[in-house]
């Protein structure tokens, strides 16, 4: 398995987008970035940045983002950086993703899907038997990781990793744990796991690259409408809808709960979560606004 496979987890929405168009992002003049304060002033504040987890080149952050990062007391991520140790994550995956004794992945998959998976792994120079003892969701993550690498995307060039390079050594916390994220996939019905694996096999590196490039450009110009169109699943795909509810909508509520709890303390937080968790009426900023928090989207700085 790839050492950086966990960084693929937040990017799985690419498979669900169903995006067959290539629109031109519209410059909104605003960032994918919000300031959040409690209704009753208590000295607490949070800056919430929607991120893109992969990139192919270094990003240049707006001065408003850099200033908020430098002034923060605490950095908040989906998963705290110290929980991303590959050995710890691999151990959790081996425990959660392993099939019962006597079962193999070939037994779980339709014959056509198993043949397609074997071919994809062999083309990458990997032995298919390495995945034989794992559930379909583990194979899905492996396939997506291979495609991202083939397209030249690296988590090291994503928003979180580049922010960490610029941070001033502030303490960091996570809204979730690595195990929690993996348990989301392990808890998906087998039918949904197989459907998502088949989507991964059908998507390929070129389509993933197109989607991420489009998302990066929409993120750069603050086009939230386009981000929502690209990231939302097709309404007539029940497996993708279930995946989206479990992996996005439910987690948005969980993240909003976590931020609301943090904001009871008079500290300045810099929060980074995937852009897919910040958009729409069920995104984290909208959920906090509905709870009475003062939420302001931040404009891009003048050149």
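Would you mention how many residues in region 115-155 are buried (at least 21 other Cβ atoms within 10 Å of the Cβ), outside any helix (DSSP H, G or I) and modelled with pLDDT under 95?
Number satisfying all stated conditions: 1.
Scan region 248-270 for residues that are buried (at least 22 other Cβ atoms within 10 Å of the Cβ), in contact (Cβ under 8 Å) with a residue 60 or more places away in the chain and within 25 Å of residue 192 (Cβ to Cβ) and jot them down.
248, 251, 255
May I ask you to say which residue of 105, 87, 6, 15 is at pLDDT 95 or above and under 23 Å from residue 186 (Cβ atoms)?
Working: 87 fails: at pLDDT 95 or above; 6 fails: at pLDDT 95 or above; 15 fails: at pLDDT 95 or above.
Every option except 105 fails the conditions.
Say whether the condition of being part of a helix (DSSP H, G or I) and modelled with pLDDT under 90 is met by at least one residue in region 169-176.
Scanning region 169-176 turns up no residue that is part of a helix (DSSP H, G or I) and modelled with pLDDT under 90.
Which pairs turn up if I take residues in region 115-133 that are free of Cβ contacts under 8 Å to residues at least 24 places away in the same chain and look for partners that are exposed (fewer than 13 other Cβ atoms within 10 Å of the Cβ) with beta carbon separation below 7 Å, at least 6 apart in sequence or on another chain?
Close Cβ pairs satisfying both conditions: 128/122.
Consider residue 161 carefully, then state whether it is assigned to a loop (DSSP other than H, G, I, E, B) and either modelled with pLDDT under 90 or more than 22 Å from residue 188 (Cα to Cα) (or both). I'd like the intermediate steps shown before the answer.
Details: assigned to a loop (DSSP other than H, G, I, E, B): no; either modelled with pLDDT under 90 or more than 22 Å from residue 188 (Cα to Cα) (or both): yes.
So residue 161 fails the test.
Keeping to region 36-56, report how many residues are under 21 Å from the mean Cα position of the chain (by Cα) and either over 21 Å from residue 174 (Cβ atoms) or surrounded by fewer than 22 Cβ atoms within 10 Å (Cβ to Cβ) (or both).
2
Quick check, is residue 55 on the phi > 0 side of the Ramachandran plot and touching a residue at least 12 places away in the same chain (Cβ under 8 Å)?
no
Could you tell me which residue of region 95-114 is surrounded by the most Cβ atoms within 10 Å (Cβ to Cβ), considering only residues that are over 12 Å from residue 136 (Cβ atoms) and free of Cβ contacts under 8 Å to residues at least 60 places away in the same chain? Can you show your working first?
Taking region 95-114 first, the residues over 12 Å from residue 136 (Cβ atoms) are 95-96, 98, 100-102, 111-112.
Okay, now just the ones that are also free of Cβ contacts under 8 Å to residues at least 60 places away in the same chain, so 95, 98, 100-102, 111-112.
Working: 95: 11, 98: 14, 100: 7, 101: 6, 102: 6, 111: 8, 112: 10.
So, considering only residues that are over 12 Å from residue 136 (Cβ atoms) and free of Cβ contacts under 8 Å to residues at least 60 places away in the same chain, the one surrounded by the most Cβ atoms within 10 Å (Cβ to Cβ) is 98.
What single numbered condition from (1) touching a strand residue (DSSP E or B) at 6+ places or on another chain (Cβ under 7 Å); (2) at pLDDT below 95 fails to hold for residue 267?
Tallying (1) touching a strand residue (DSSP E or B) at 6+ places or on another chain (Cβ under 7 Å); (2) at pLDDT below 95, residue 267 fails exactly one: (2).
Considering every residue within region 185-193, establish whether at least one is over 17 Å from the mean Cα position of the chain (by Cα), in a helix (DSSP H, G or I) and buried (at least 20 other Cβ atoms within 10 Å of the Cβ).
yes
Using the structure shown, decide if residue 208 is within 28 Å of residue 76 (Cβ to Cβ), modelled with pLDDT of 90 or more and either within 18 Å of the chain's Cα centre (by Cα) or not in a loop (DSSP other than H, G, I, E, B) (or both).
Taking the combined requirement at face value, the residue does not satisfy it.
So which residues in region 57-94 are part of a loop (DSSP other than H, G, I, E, B) and either more than 21 Å from the chain's Cα centre (by Cα) or surrounded by 14 or more Cβ atoms within 10 Å (Cβ to Cβ) (or both), if there are any at all?
Matches in region 57-94: 59, 61, 62, 72, 73, 80, 84.
The values are calculated or read from the model by the stated rules, or taken from the named source; none is laboratory data. Keep in mind the model is a prediction, meaning the values are calculated, not measured. For neighbour counting, all protein chains shown are included, and Cβ atoms are generated from backbone atoms with ideal geometry for every residue, glycine included.
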